[in-house]
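What follows is a set of notes on a single structure, which appears directly below.
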Amino acid sequence: MALPRVLSVIGAGQMGIGIALVASLRAKIPTVLLYDRDPSQITKGLEFMDKLLAKDVSKGKTNEDDAKAARGRIISITSSSASSSTSNNDEFGWARELGERGSDMAVEAASERLSIKEGIFRTLAKNLSRDAVLASNTSSISITKLAGAAVEGLGSTISKASEEGKSCAGRVVGVHFFNPVPVMKLCEVIPGLQTSEVTLERAKAFAVACGKEVSTSKDVPGFVSNALLMPFLNEAIMCLESGTATRDDIDKTLRLGMGHPMGPLQLGDIFIGLDTCLAIQETLYEGTRDSKYRPSVLLGRMVDAGWLGKKSGKGFYEY
Ligand code: CAA
């Protein structure tokens, strides 16, 4: 199955940077376009990528030429750098640039908010070629819903049931990577109701080329991964909230008693972020209307306080 020649990664946070890195270094995609609406996020992310590449070289995992070539294949796209033909107040200039550069696959890795992702899918569908794969790295949001947004991007004259609408929705798929992307071995692939077989196979081939094992999940809230992981984390926070055990004892129990690489509170803090934990848990709760998924009150309060984990300097632990 053909791999993309020009991949666009939307969002230069931890996940977007990790995906761009494995796509360039492992899958050797010839061009990887990296877009974020905040240029400082791209600068920060690429600095982190340089550190990861330098570490790989120093450990002999990658040679210097391969690392340099991988880095050279990544091109930053910012709203202000986008296409000279773009006027200053054209908020979609970046997406047109991705299209003009021939992007044949996009992976969206923006914040875990439905409205943000829907906006991106509308824009991508409008600006990328009509056979580009439109993938989301969402942790929990419905791929079927994002496919609907993509069709809306084609304009009000194209209905979801029309041939053009179905063909557009057929190109949308979930490719769910795990943090840290270069280290975690899985990519969960999620077809929406409308995803075509060809798109599904292209998504799997991409994930395998990035060095990942693939598991497939139906498009249910949280998919397999977060339908299992997030209630576990939420329960851990409820244990803390109810005083069942201290933070350290909760994490120690799972680390030493069950052999987890890190405790659930540490995992939420360091590799997921408490805002994302809350967003996923809310998607599970709202998507199923099942009270067993009720988000912990403490989790909501911590997000209100801006205590989001390592990225904000404080979560359950101080950083
Ligand atoms: N980025 C890239 N690489 C990283 C990293 C990061 N943020 N943190 C650690 N690593 C690398 C290290 O550099 C090291 O690589 P080398 O072997 O090349 O030296 C390797 O990971 C192991 O690191 P350490 O020896 O320092 O530490 P460790 O043995 O404690 O392992 C870990 C680190 C692999 C991350 C381990 O703690 C772990 O598996 N934690 C659980 C992570 C997890 O569950 N992630 C999934 C979260 S859920 C999600 O992402 C999706 C969602 O939908 C919520």
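Compute the acute angle (0 to 90°) between the alpha-carbon long axis of helix 197-209 and the principal axis of greatest extent of the alpha-carbon atoms of the chain; round to the nearest 10°. Its long axis makes an angle of about 70 degrees.
For the range 265-319, the average shadow cast by the Cα convex hull is 3.4 nm², which is a quarter of the hull's surface.
Charged neighbours of Cys187, selected by a Cβ distance under 11 Å, balance to +1 (K, R count +1; D, E count -1).
Using only helices, what value at 222 nm comes out for the chain when you add -39,500 (n - 2.57) per DSSP H run of length 4 or more and divide by the total residues, to the nearest 500 deg cm²/dmol? Present the calculation step by step, with values, prior to reporting the outcome.
Values: 13 runs with 146 residues, N = 319.
Rounded to the nearest 500, the figure is -14000 deg cm²/dmol.
A crude spin-label estimate for the pair Lys185 and His260, with each label 7 Å from Cα along the Cβ direction, gives 2.0 nm. Its Cα centre serving as origin, the range 224-310 has a Cβ charge dipole (Lys and Arg +1, Asp and Glu -1) of approximately 120 debye. Taking every DSSP beta bridge that has both ends in the range 118-244, the antiparallel portion is near 40%.
Only protein atoms count toward the accessible area here, which uses a 1.4 Å probe; on the chain, the carbon and sulfur part of that area reaches 53 percent.
For the range 181-219, the residues whose backbone nitrogen is under 15 Å from a point 7 Å from the Cα of Ala2, taken along Cα to Cβ, are 198-203, 205-206. Restricting the calculation to alpha carbons of the range 1-118 gives Rg and Dmax of 14.5, 46 angstrom.
Mean-square fluctuations from a GNM of the chain, with a 10 angstrom spring cutoff on Cα atoms, peak among Ala106, Ala54, Ala207 at Ala54. Dipole check for the chain: with +1 at the C-beta of Lys and Arg, -1 at the C-beta of Asp and Glu, and the Cα centre as origin, the magnitude is about 460 Debye.
Taking R0 as 30 Å, what's the FRET efficiency between Glu164 and Lys218 from their Cβ-Cβ distance, rounded to 0.05? Approximately 0.70, to the nearest 0.05.
Just subtract the alpha-carbon distance of Ser58 and Thr157 from 0.36 nm times their residue separation and send over the number in nm, one decimal.
Details: separation 99, 0.36 × 99 = 35.64 nm, distance 5.54 nm.
Using 0.36 nm per residue and subtracting the Cα-Cα distance, I get 30.1 nm.
From largest to smallest, what semi-axes in whole angstrom does the chain give when each is the square root of 5 times an eigenvalue of its alpha carbon gyration tensor?
The equivalent ellipsoid of the chain has semi-axes of 32, 24, 18 Å.
Return the tail of the calculated pair distribution for the range 154-276, meaning the percent of Cα-Cα pairs more than 23 Å apart. Tail of P(r) above 23 Å: 48 percent of Cα pairs. Under 10 Å, Cα contacts only: if you run a Gaussian network model on the chain, which one of Glu97, Glu108, Glu64 comes out with the highest mean-square fluctuation? Maximum fluctuation in the GNM of the chain, among the listed residues, is at Glu64.
The values are calculated or read from the model by the stated rules, or taken from the named source; none is laboratory data. Values in this document were obtained by computation on a predicted structure and should not be read as measured data. Backbone-built Cβ (ideal geometry, glycine too); neighbour counts: all protein chains shown. Side chains are part of the model used for accessible areas, which takes the heavy atoms of the whole protein and leaves out ligands, DNA and RNA. Shrake-Rupley method; radii C 1.70, N 1.55, O 1.52, S 1.80 Å.
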